[in-house]
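The values are calculated or read from the model by the stated rules, or taken from the named source; none is laboratory data. Here the structure is a predicted model, which means the values were calculated and not measured. As a convention, Cβ positions derive from the backbone with ideal geometry for all residues, glycine included, and neighbour counts pool all protein chains shown. Note: areas computed on protein heavy atoms with side chains; ligands, DNA, RNA excluded. Shrake-Rupley method; radii C 1.70, N 1.55, O 1.52, S 1.80 Å.
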Amino acid sequence: MRLTSLRDLRTAHSASERSLFRFTGSRGERLHITALEPDVVRVQHLPDGDARLNRTWVVVGKDGDTPVEGRLRDDLTPFSTPDCQTSSSDSYWRAETRQLSITLDLADGHLEWHTADGIPIAADLKRRAYTYDRAGRSVYHYLQRRSDEHYFGFGERSGPLDKQGLRLEMRNIDALGYNAETSDPLYKHIPFYITFIPHLNIAYGLFYDNFATTVFDLGKEIDALWGSYRLMKADDGDVDYYFIYGPTIEAVIEKYTRLTGRPALLPRWAFGYLGSTMSYTDAANAQEQLHQFVTLCQQHDIPCDLFHLSSGYSMDAEGRRNVFTWNRSRVPSPEDMVNDFHAAGIRLAANIKPYLLTTHPQYEQVRMAGGFIRDPDTGEPASTRFWSGGRYESADGAYIDFTSAAGFNWWQQQIRTALYSFGIDAPWNDNNEFGLWDDDAVCAGFGNPLPVGLARPLQTLLMARASYDVTREAKPGLRPFILSRAGTAGIQRYVQTWSGDNETSWHTLRYNIPMGLGLSLSGVPNIGHDVGGFSGPAPDPELFVRWVQCGIFHPRFTIHSWNTDGTVNEPWMHPSVLPIIRDLFRFRYRLLPYLYTLAFEAHQTGHPIIRPLVYHFPQDKRCQTESFDFMLGSHLLVAPVLEPGARTRRVYLPAGTWWCDFHSGQWYMGGSEIEVPAPLEQIPLFVADGGILPLGGVMRYVGERPDDVREIHAFVRGDATFTLIEDDGVSFDYQQGGYTEVQLSLQRMGDHWTVNARRLHNGYTLPYREVDFVVAAGDGAPVTGGTLEGGRWRARVTVL
């Protein structure tokens with residue numbers, strides 16, 4: 001190791017350049033500073049003088065995506081590149097936009113960031129800001145750290161929501177049965193985080209466009225020589241980061257997802273119940289067991305919109321899992337199986353993995369075509385061990401190279417012929433962490449080879465892109481549903497995801513919540529967890545109920561398992577609590593109008609669907625570090641019960657507004673902690689003053705019958721509005737205006753409340769003409785034309 005820091009910078013740009021500024025260090029290193037927007041500035045430290053990887057697959061072009069082969073990093077056409085006012089002396093250089101001021105110390109290369117009105121918000125560590133290893137490939141970025149700062153994001157990470165004081169590694173691995181509080185690394189590589197400074201009420205984001213294995217240290221490492229600092233270290237590549245000024249957390253996320261791409265708008269049915277288990281397809285009589293799931297859903301009156309077909313359907317006679325093959329002894333007729341599910345309104349997503357064992361029937365064909373990641377010495381497929389059959393079983397194989405035309409195209413063709421030809425509805429990209437630990441293994445790079453050390457998360461991203469693109473082609477006019485376990489920045493453009501193979505425990509139920517919130521704050525809103533736990537013994541009835549209660553308020557709602565005791569997690573697994581489970585499933589389906597509107601908002605703006613309390617209440621000190629209570633949208637506070645035997649729950653209600661107990665209708669002033677009933681059948685829910693929750697009817701699956709019921713639950717002490725989004729839920733017509741906005745409003749008129757529903761944008765024919773308001777008014781005032789039932793006013797109005 002020969003750590004060297006940037007020193008003695010000289011100007012290398014011309015006086016006419018007003019947004020891109022170049023500097024050269026004493027050893028020929030380069031530092032580039034580019035004002036992309038008044039509030040987004042890019043900084044590059046290039047130890048070699050030129051970029052080690054000159055393309056990006058994360059920072060999107062004007063069309064909201066990148067070419068499959070990548071986009072040149074220095075292509076500035078997607079940005080406004082505003083003129084900057086600059087000044088300099090022998091010791092410093094400064095640039096100012098309308099919102100930021102950036103000062104560079106020419107002696108040691110550290111940057112200081114101020115708002116336009118001079119408030120200091122961030123600074124690099126003096127004398128150590130941009131460091132690299134002259135004996136290797138590692139690069140470092142050191143920043144000063146304030147003890148009162150909070151750090152949110154980093155994708156899916158274990159532990160509390162605020163990562164102050166932690167050290168995190170981004171190296172995607174298959175973390176079966178992980179500890180949701182302490183395990184690290186995990187499945188996703190998203191080198192983005194938000195810094196929130198409470199006393200300034202200012203937030204900013206840092207996104208590092210680097211696919212190499214990365215470590216973030218937020219204060220775990222202490223070195224007295226340097227004072228308080230935080231750092232980013234990448235094993236290869238350059239320091240290439242984007243400073244994103246908020247000033248709010250919400251604004252940071254909006255700008256970050258404009259940079260890396262907005263989340264996909266999933267089909268409406270993707271927010272229903274998505275069934276799953278490893279057990280059915282691993283069984284010798286898989287097709288019979290799969291049919292039994294359909295029968296039991298109907299028998300127990302459990303709605304379901306999709307079932308995940310785990311990889312057991314592809315196991316050969318020796319128990320090896322061979323992607324894109326069908327074991328006809330387990331599943332004699334894939335067509336009949338698919339038709340069985342479709343007749344019940346249930347779609348199917350088939351599990352597929354990005355590797356071929358050497359015994360795979362198409363291994364030699366893909367090898368000859370050049371479709372694998374290659375060994376740097378021999379040029380043959382880079383061989384490694386892969387999960388092949390039972391728990392912890394492995395065999396030799398090779399990864400598909402999605403940066404090669406041969407690998408990319410082969411993958412798409414297999415999805416067409418091995419899945420879609422049988423009627424499968426969606427691909428489930430699994431085991432896609434690309435755990436090949438020879439950094440020099442060669443990826444084709446679409447004609448410009450690159451080492452896998454710079455491309456592991458890229459392979460995951462392109463696997464999602466290949467699956468998404470072929471689905472759009474094969475199912476024209478329909479929104480793709482793609483599921484991916486691993487991910488990286490930009491993955492939100494294509495997929496729904498989840499937190500991987502969690503462990504069955506109360507502890508996991510608790511700490512999966514901040515994992516999902518962190519992912520949501522990282523531009524990936526379409527997330528969820530394996531309800532009930534994936535690995536371990538079966539959850540007992542109480543834990544199962546509490547997990548389902550929490551799970552129905554997440555964008556992805558699924559029950560999945562590979563239990564070590566041979567049991568299966570199913571909605572009906574505990575008859576003693578089945579009525580509670582059934583009611584929770586029904587409530588999930590009633591929530592779909594609200595959930596779908598939030599998903600539409602996420603697609604348009606990048607806003608999370610589930611949100612930590614600090615997102616809406618940043619100045620409430622209790623909310624700044626709250627990890628386990630969360631908001632669904634801006635209106636509904638969810639307080640999961642996370643301890644066995646608990647039948648009451650203490651809940652802190654954020655200050656600055658009134659809150660209404662969803663169940664009882666009782667009002668509380670925020671800023672205090674209360675204790676509320678939490679019987680087994682009830683999860684504490686609170687709605688902020690002005691909150692409106694549009695509910696729909698109960699269905700066995702989305703589209704079973706006309707979606708013509710809208711019951712508008714409103715909780716008011718002052719005027720309120722909510723804009724409900726309605727469209728066909730499956731097509732891209734909304735992109736040409738094929739959707740309707742229904743503004744739901746309540747106004748106080750004298751001693752009465754008036755309620756209204758009117759179209760703001762009318763591009764989709766509504767399946768209803770009227771809506772029913774159910775109003776919990778803080779002062780008990782009546783609703784014009786309404787009747788009082790159970791302490792709440794009910795009124796029906798025509799949609800204008």
(request) Could you size up the charge dipole of region 137-190 around its Cα centre, putting +1 on the beta carbon of Lys and Arg and -1 on that of Asp and Glu, and report it in debye to the nearest 20? (result) 260 debye
(request) Round to the nearest 10 and report in Å² the accessible area of R622, as given by a 1.4 Å probe over the protein chains' heavy atoms. (result) 110 Å²
(request) With a 1.4 Å probe and all protein chains in place, put E711, E675 in order of accessible area, largest first. (result) E675, E711
(request) Note down the net charge around S87, summing +1 for each Lys or Arg and -1 for each Asp or Glu among other residues with Cβ under 11 Å from its Cβ. (result) 0
(request) Measure up K188/K233; K220/K255; K126/K233; K188/K353; K163/K353; K220/K621 against 20 Å on the Cα-Cα distance and list the ones that go over. (result) K220/K255; K163/K353; K220/K621
(message) Considering all projection directions equally, how large on average is the shadow of the alpha-carbon convex hull of region 446-564, in square nanometres?
(response) 9.4 nm²
(request) Which order do the peptides 492-500, 692-700 take when ranked by the mean count of other beta-carbon atoms within 10 Å per residue, highest first? (result) 492-500, 692-700
(request) In whole angstrom, note down how far apart the Cα centers of region 1-70 and region 335-402 are. (result) 38 Å
(request) Name the residues whose placed amide hydrogens come within less than 5 Å of the amide hydrogen of Q164, ignoring near sequence neighbours (fewer than 5 apart) on the same chain. (result) Y151
(message) For a protection proxy built on the mean count of beta-carbon atoms within 10 angstrom, sort 596-605, 45-54, 210-219 highest first, please.
(response) 210-219, 596-605, 45-54
(message) Can you tell me what percent of all Cα-Cα pairs in region 54-94 are more than 14 Å apart?
(response) 57 percent
(request) Please give the solvent-accessible surface of V568 in Å², to the nearest 10, using a probe radius of 1.4 Å with every protein chain present. (result) 30 Å²
(request) Enumerate the amide H contacts of F630 below 5 Å, restricted to partners 5 or more residues apart or on another chain; note that Pro and chain-start residues carry no placed amide H. (result) V638
(request) Let me know the Kirkwood hydrodynamic radius for region 136-267, please, with Cα pairs as the basis and the value in Å to one decimal. (result) 15.6 Å
(message) What number results when the radius of gyration of region 204-363, computed over Cα atoms, is divided by 2.2 N^0.38 Å?
(response) 1.57
(request) Specify which residue in the list Y280, L357, T648 is farthest towards the positive end of the charge dipole of the chain, using unit charges on the beta carbon of Lys, Arg (+1) and Asp, Glu (-1), about the Cα centre. (result) T648
(request) Could you bin all the Cα-Cα distances of region 203-290 into 10 Å bins starting at 0 and give me the percent of pairs in each, rounded to whole numbers? (result) 13, 21, 25, 18, 16, 6, 1
(request) Would you mind giving the three semi-axes, in whole Å and largest first, of the ellipsoid equivalent to region 497-625 according to its Cα gyration tensor? (result) 27, 17, 14
(message) For a quick check of your reading of the filter: which trypsin sites (Lys or Arg not before Pro) in region 633-682 sit in a DSSP loop and have no more than 14 other Cβ atoms within 10 Å?
(response) R647
(message) Let me cross-check L3: its accessible surface, 1.4 Å probe, with only protein heavy atoms counted, in Å² to the nearest 10?
(response) 80 Å²
(request) Could you calculate, for region 1-132, the ratio of the Cα radius of gyration to the Kirkwood radius, expressed as Rg to Rh? (result) 0.97
(message) Which one, P381, S80, S329, is farthest towards the positive end of the dipole of the chain when Lys and Arg carry +1 and Asp and Glu -1 on their Cβ?
(response) S80
(request) Report the convex hull volume per residue for region 635-778, counting only C-alpha atoms, in Å³. (result) 145 Å³
(request) Just the Kirkwood number for region 330-460, please: inverse of mean 1/r across all distinct Cα pairs, in Å, one decimal. (result) 15.8 Å
(request) Please compute P(r) over all alpha-carbon pairs of region 383-491, binned at 10 Å starting from zero, and give each bin as a whole-number percent. (result) 14, 42, 34, 9, 0
(request) Give the distance, in whole Å, between the Cα centre of region 423-458 and the Cα centre of region 495-539. (result) 24 Å
(request) Take the alpha-carbon positions of region 567-626, form their convex hull, and give its projected area averaged over all directions (one quarter of the hull surface) in nm². (result) 6.8 nm²
(message) Using only the Cα atoms of region 534-582, what semi-axes does the equivalent ellipsoid have when each is the square root of 5 times a gyration tensor eigenvalue? Give whole Å, largest first.
(response) 17, 14, 8
(request) May I ask for the percentage of alpha-carbon pairs in region 253-328 that lie more than 21 Å from each other? (result) 48 percent
(message) Can you give me the Kirkwood hydrodynamic radius for region 613-720, using every pair of distinct Cα atoms, in Å to one decimal?
(response) 15.2 Å
(request) Compute the distribution of all C-alpha to C-alpha distances in region 235-277, in bins of 5 Å from 0, and list the percent of pairs in each, rounded to whole numbers. (result) 5, 15, 14, 13, 13, 14, 10, 9, 5
(request) Based on a Kirkwood Rh over C-alpha pairs, give the Stokes-Einstein translational diffusion coefficient of region 407-467 at 4 °C and viscosity 1.567 mPa s in µm²/s. (result) 101 µm²/s
(request) Kindly provide the helix-only [θ] at 222 nm of the chain, computed as the sum of -39,500 (n - 2.57) over DSSP H runs of four or more divided by all residues, to the nearest 500 deg cm²/dmol? (result) -5000 deg cm²/dmol
(message) Report D for region 720-773 in µm² per second (integer): Stokes-Einstein, Kirkwood Rh on Cα pairs, 20 °C, 1.002 mPa s.
(response) 174 µm²/s
(message) At a 10 angstrom cut-off on C-beta neighbours, averaged per residue, how do the peptides 88-95, 32-39, 302-309 rank from highest to lowest?
(response) 302-309, 32-39, 88-95
